[in-house]
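The next block holds one structure in the form of structure tokens; read it before the comments.
The values are calculated or read from the model by the stated rules, or taken from the named source; none is laboratory data. This structure is a prediction, so every number in the text was calculated from the model and none was measured. A quick note on method: Cβ atoms are made from the backbone with ideal geometry, for glycine too, and the neighbour counts reach across all protein chains shown. Surface accessibility is based on the protein's heavy atoms, side chains included, excluding ligands, DNA and RNA. Shrake-Rupley method; radii C 1.70, N 1.55, O 1.52, S 1.80 Å.
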Amino acid sequence: MSKATGCGMRRAVIALACAVGLLGAPGAGFAQNGAPAQARKTPRAATDADVSSAEAKDALRRAHARYQGVKSGKNADYIPSLAKVDPNLFGIVLVTVDGRVFSVGDAEHPFAIESVSKPFTLARVLQDVGADTVEKKIGTNATGEPFNSIIAIEQNHEAKRPPAGNPLVNAGAITAVSMVPAQDADARWTRIEDTLNAFAGRELDVNEPVYHSESATNTRNRAISWLLKSYDALPGDPMEALDVYTRQCSVNVTAKDLAIMGATLANGGTNPVTGKRVVDSDNAQKVLSLMLTTGLYENSGDWSFTAGLPAKSGVGGGIVAVVPGRFAVATFSPPLDKAGNSVRGQKAVESIITELGGDLFSASGPKQAAPSGAGVSGSR
């Protein structure tokens, strides 16, 4: 991180703004006309921001070896299909903003994206209807309650805040789906699907067994949808919005896909592998800000305190964490803690960030890495 003196919070804000192209400093990444700048890698205020291939491989290898044997947590058993996933699966991928990909373990094993889809649909809604509408209709504050909380909806309504809370909990995510401009459910789904594909840089498919399993057991989300409708907080047919949301959560991804999706946010909205712009840089920044404050549900404060960077988890076992302007790390490991966050995934990301640097609020650079080892693949 930057070695300049001054308030750590101010440094973090400046770094985040530079990373998504909001400041005109070197390394901001995009010209005023929105075109990708040449040879963009990192905010130049961070003299040690570049990650070498050897450092990336070493950090991934050590994290995987260190936490592969962790047995705490359990699969999301309230969704039958997720309960059947092998709990020993464990993959880690790091993708830099200049398009380098490093992986270890079960990095290409497909799994249901679940709630990690929420930031990317949020990006679609921000792009289509604007941040002011999102803030007014959904809200942007952390609820402090579980991701499927009904109490949080009631508390927000009583306090005259948007009942949904924020776009990264179920109530807010269902509302976000309903706000995607489209003539019907099929067109709405196609728009969301195209967005996920653009972030991942390839065509993703729906895990049909997970979709049908969730559709048959999502009674709580049905209650959330109808409650939002009763408060005039959910436009359109609540069951239609819920069905599209359920399909969105059932999309199959790999840890590699998630890392590329996260690196697209780290790169100010341009996919670093395909080179295609997916969303505007200011909308990428707003997505990251919500990932920092609400990405790990009621444990988001703990996560920000220990890791200090935007991240999003899903009950399918995925986590994506973003270091703006530098790289993204994604992990896949199905056993979850009580809040619904992958146990191994959190530990692995924290380990990698400790080695490579990435905490937005840290004044110190990355720790010195040991010599490179085997076991990690890397590509350009």
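Here is a yes/no grid of residues against (1) part of a helix (DSSP H, G or I); (2) aliphatic (A, V, I, L, M):
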{"residue": "Val93", "(1), (2)": "no, yes"}
{"residue": "Ser115", "(1), (2)": "yes, no"}
{"residue": "Asp128", "(1), (2)": "yes, no"}
{"residue": "Pro162", "(1), (2)": "no, no"}
Exercise. Please state which of the following conditions Thr306 fails to meet, knowing it meets all the rest: (1) open to solvent by 10 Å² or more (accessible area, probe 1.4 Å); (2) touching a strand residue (DSSP E or B) at 6+ places or on another chain (Cβ under 8 Å).
Key: (2)
Exercise. Hey, could you check the stretch 110-141 for residues that are among the small types (Gly, Ala, Ser) and surrounded by 21 or more Cβ atoms within 10 Å (Cβ to Cβ) and say which is farthest from Val85 (Cα to Cα)?
Key: Gly139
Practice problem: Run Ser81 past the list (1) farther than 21 Å from Glu193 by Cα; (2) at pLDDT 95 or above; (3) outside any loop (DSSP other than H, G, I, E, B); (4) in contact with a helix residue (DSSP H, G or I) (Cβ under 8 Å, 6 or more places away or on another chain) and report the number of the one that doesn't hold. | Solution: (2)
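Do you know which residues across the stretch 288-310 are in a loop (DSSP other than H, G, I, E, B) and at negative phi?
Gly295, Leu296, Ala307, Leu309, Pro310
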Quiz item: When the stretch 328-371 is examined, which residues are found to be among the hydroxyl-bearing types (Ser, Thr, Tyr), surrounded by 15 or more Cβ atoms within 10 Å (Cβ to Cβ) and either at pLDDT below 95 or out of contact with any Phe, Trp or Tyr (no Cβ under 9 Å at 6 or more places or on another chain) (or both)?
Solution: Thr354, Ser362
Quiz item: Inside the stretch 202-236, can you point out the residues that are assigned to a loop (DSSP other than H, G, I, E, B), open to solvent by 40 Å² or more (accessible area, probe 1.4 Å) and either under 30 Å from Gly99 (Cβ atoms) or not aromatic (Phe, Trp, Tyr) (or both)?
Solution: Arg202, Glu203, Asp205, Asp232, Pro235, Gly236
Quiz item: If only one of Lys286, Lys312 is at pLDDT 95 or above, within 11 Å of the chain's Cα centre (by Cα), of a type in the set (D, E, K, R) and over 21 Å from Thr190 (Cα atoms), which one is it?
Solution: Lys312
